[in-house]
């Protein structure tokens, strides 16, 4: 065969573009015809956001406690009333700590605040420092810490108000003036909902891609595609691009639910949100392609997608648990997880605004991981029957 004959049989650029466009149309139609794709891309994001936004809360408002007023006198009753007025407590008043002992054991109250019998005498003594006892349920350490901290804070406020009423200076030697940045109300929903968007994008990018491509292997349509002149790169690009756009469409839905329905403040720019999310979709889609190419089975692909994608993003990204509090080996593992870089970027763009040094650093890591995973997926997808 001469060079001229070979050149005449080689596909032109227009032929390759036409072939790639046919692949994109085929994948887009498959997404629209597949109920499971729309379920994961539309229904699942809304469901997860509602669960994380309403059902999951790290706020300790209206914690049930018992207040045992064992001391007679107006000072003890005034302190008990301050616990009842606090928005952090749902306080029940009693006269003996034994009234609440069974409730603490059966988890009907999270703690018992005891105003002892010596409280009135100590409060009336000049220079006296009346004290209280706080009994908490240690089976829930977070709530126990909240109860102790809020009870001590209520006692400090009561001491200051009482000293001011007596004409004394109730201020401590060091006056601490607190300022909370970015989330002034300390509402956990404002950080949980942006973090939940990362979980949703992981599910769409990894689980959906792994299931759909594995389904084609099971049905034999992937082998039929292998018999065509389509190259492996064109095949993977035709698979990735529609799900990339579907992921951005799901991001738009999540953004609407977070801002409009949950009232999460959005202080950054929409462009930064989409740029960071587009960078995150690269490793998420690459992982899904690797899983599907390696397993070629929907059930196994779904299990691996949950283990390799969803669970690490949920547990090790800093979404729920602080990474610095994890064991050191686990902290090292988190550096390879894409969600570790996506969650803080989302929380920043929602609550703090456009902090481009943070975005660019995290996007660089995400794009590098995405390139590595997509190259591995291309090497696993051979132009032959497996």
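The values are calculated or read from the model by the stated rules, or taken from the named source; none is laboratory data. Model, not experiment: these values are computed from the prediction. Please note: Cβ atoms are built from the backbone with ideal geometry, for glycine as well, and neighbour counts cover all protein chains shown.
Annotations for the structure displayed:
- Matching option when the condition is under 17 Å from residue 282 (Cβ atoms), surrounded by 13 or more Cβ atoms within 10 Å (Cβ to Cβ), in the same structural domain as residue 270 (by TED's automatic domain parsing) and modelled with pLDDT of 95 or more, among 376, 368: 368
Yes/no matrix, rows are residues, columns are (1) surrounded by fewer than 17 Cβ atoms within 10 Å (Cβ to Cβ); (2) in a helix (DSSP H, G or I):
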position	(1), (2)
263	yes, no
271	yes, yes
279	no, yes
282	no, yes
290	no, yes
299	yes, yes
329	yes, yes
336	yes, no
345	no, yes
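- Hey, residue 108 in contact with a helix residue (DSSP H, G or I) (Cβ under 9 Å, 6 or more places away or on another chain) and in a loop (DSSP other than H, G, I, E, B) or not: yes
- Some residue of the range 318-325 being assigned to a helix (DSSP H, G or I), assigned by TED's automatic domain parsing to the domain that holds residue 193 and touching a residue at least 24 places away in the same chain (Cβ under 8 Å): no
One line per residue, one yes/no per condition, for (1) at pLDDT 85 or above; (2) touching a strand residue (DSSP E or B) at 6+ places or on another chain (Cβ under 6 Å); (3) assigned to a helix (DSSP H, G or I):
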| residue | (1), (2), (3) |
| --- | --- |
| 120 | no, no, yes |
| 142 | no, no, yes |
| 149 | no, no, yes |
| 156 | no, no, yes |
| 163 | no, no, yes |
| 178 | no, no, no |
| 186 | no, no, no |
| 197 | yes, no, yes |
| 204 | yes, no, yes |
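- Taking the criterion of being part of a helix (DSSP H, G or I) and surrounded by 13 or more Cβ atoms within 10 Å (Cβ to Cβ), the residues of the range 23-35 that qualify are 23, 24, 26, 27, 28, 30, 31.
- For the range 279-299, the condition of being out of contact with any helix residue (DSSP H, G or I) (no Cβ under 8 Å at 6 or more places or on another chain) and more than 26 Å from residue 355 (Cβ to Cβ) holds for at least one residue.
- Selected residue (criterion: modelled with the lowest pLDDT) from residues of the range 122-140 that are within 18 Å of residue 103 (Cα to Cα) and surrounded by 16 or more Cβ atoms within 10 Å (Cβ to Cβ): 137
- Taking the listed residues 41, 68, 80, the one that is crowded, with 17+ Cβ neighbours inside 10 Å, in a strand (DSSP E or B) and at pLDDT 80 or above is 68, with no other qualifying.
- Hey, residue 114 farther than 17 Å from residue 161 by Cβ, touching a residue at least 40 places away in the same chain (Cβ under 8 Å), part of a loop (DSSP other than H, G, I, E, B) and touching a strand residue (DSSP E or B) at 6+ places or on another chain (Cβ under 7 Å) or not: no
- Taken as a whole, the structure places residue 256 among residues that are within 29 Å of the chain's Cα centre (by Cα), in the same structural domain as residue 360 (by TED's automatic domain parsing), surrounded by fewer than 17 Cβ atoms within 10 Å (Cβ to Cβ) and modelled with pLDDT of 90 or more.
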